[in-house]
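See below for the structure under consideration.
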Amino acid sequence: MTRCLVALPGELPTSSASRRSCLATWKSTSVVWSTRQTGSPVGVCWKSSTMANSRGSRVNDLSSEMRAVNGLRLDVAIVSFFSDIGRLSGTLSSLADAFRHLQTSLPDTQLTITIVDNTGDHLQRYSVQLKAVLAHVGVHLEIIYSSANLGYGSANNLALNDSASDYVIVLNPDVLLAEDMLLNAVLYLQERPDVALLAPDASDPETGQAQYLHKRYPGALTFASRFLGVRAASRDRAFYEMHTERDAGTPYEPLLVSGCCMILPTSCWRQLGGFAEDFFLYFEDYDLSLRAGMLGRVVALPTLRISHYGGGAGRKGLTHIRLFLRSAVKFFNRYGWQLLSSAQPPSRSSEPASDNSTGR
């Protein structure tokens with residue numbers, strides 16, 4: 001059992017310092033024990049010697065030598081806060097299927113899944129059930145029971161910041177992976193070491209309709225259609241949500257990607273320091289995307305397919321609206337305010353525009 005300083009039970013910390021100092025007791029549910037050995041990461045996150053503020057000035061000097069893909073280690077983080085146990089089990093089942101498919105090509109690959117229970121004990125009664133989902137796949141499952149709600153970003157950091165894997169995956173507990181998703185992601189990243197952040201295409205699991213999760217930089221009016229139903233603002237959303245690029249079915253490079261599923265070389269995750277912990281919920285994924293874009297390419301890849309149940313803060317009640325607005329103000333204060341969406345944040349408006357909407 002690992003402990004840090006104790007916060008008051010049931011307290012909902014709002015500052016990153018409070019969340020970092022909370023008690024994090026963890027219980028390891030052993031499906032198959034695997035050692036996390038230290039080694040050089042396969043996915044090398046390339047960056048220039050001085051941090052550039054322009055995506056266009058990222059380093060182009062890519063290594064022509066890649067380490068063999070066999071023996072890879074993947075770490076997946078899932079944050080749960082009273083998650084629907086059926087959907088969480090479905091997420092784990094889809095991970096198991098995708099891992100089994102990955103092992104047909106890369107049999108020595110290892111997968112560790114860490115679930116952070118931000119309620120403290122909700123998943124304890126289901127731990128045997130969750131373990132059973134992965135029992136025949138050779139996956140190592142850890143469940144961390146936090147004594148306080150750390151928030152989304154901080155909980156993911158708790159799960160991943162000590163990772164010795166080659167790639168890390170941030171995943172929501174209501175996401176279903178296509179069977180070939182992990183294999184396609186690994187092969188793509190192996191061939192393109194300049195990619196700092198990779199994201200999938202998503203669809204609604206019930207209707208099959210496309211979801212537009214990856215974005216350009218938002219404006220304040222962009223969100224008005226979501227909360228106020230303003231028709232004029234809705235015309236901006238197609239540009240903001242990159243409908244044309246998403247519907248083209250080819251790789252593209254959004255400025256911002258959804259935190260429901262993010263795949264990064266572990267070396268990049270370390271350089272970024274994970275999520276910014278001053279975002280309790282919402283916009284931590286946008287912040288991470290912008291910072292990842294300073295290290296390398298951010299790519300949405302249509303051959304990576306997921307189904308996603310979540311989204312829609314405005315439909316989740318006043319608490320979520322309040323958290324969304326608080327994080328939105330923090331995000332816009334940090335990167336710049338504007339009325340409508342644009343290719344780049346206002347903080348970069350004085351630099352050459354680089355709306356990279358096509359990938360390779």
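Taking R0 as 56 Å, what's the FRET efficiency between ARG334 and HIS136 from their Cβ-Cβ distance, rounded to 0.05?
Working: r = 46 Å, r/R0 = 0.82.
With a Förster radius of 56 Å, E is 0.75.
What's the FRET efficiency of PHE82 with ALA210 using the Cβ-Cβ distance as r and R₀ = 30 Å, to the nearest 0.05? Walk me through the numbers before you get to the answer.
On the way: r = 28 Å, r/R0 = 0.95.
About 0.60, to the nearest 0.05.
Give, in nm to one decimal, the length gained when the segment between HIS122 and ALA343 is fully stretched (0.36 nm per residue of separation minus the Cα-Cα distance).
Numbers: separation 221, 0.36 × 221 = 79.56 nm, distance 4.14 nm.
Difference between extended and current length: 75.4 nm.
A Förster radius of 41 Å combined with the Cβ-Cβ distance from GLN129 to ASP108 puts the calculated FRET efficiency at roughly 0.90.
Return the equivalent ellipsoid semi-axes of the stretch 73-145 as a descending list in whole Å, where each equals the square root of 5 times an eigenvalue of the C-alpha gyration tensor. Please report the intermediate quantities before stating the final value.
On the way: eigenvalues 103, 28, 19 Å².
Largest first, the stretch 73-145 gives 23, 12, 10 Å.
Tally Lys and Arg at +1 and Asp and Glu at -1 over the other residues with C-beta under 12 Å from the C-beta of THR91: what net charge comes out? For residues surrounding THR91, the net value is -2. Peptides 165-175, 270-280 ranked from most to least packed, by the mean per-residue count of other Cβ atoms within 10 Å: 165-175, 270-280.
Just so you know, all these numbers are worked out from the coordinates, no wet-lab data involved. Fair warning: this is a prediction, and the values are worked out from it, not measured in the lab. Cβ: placed from backbone, ideal geometry, glycine included. Neighbour counts: every protein chain shown.
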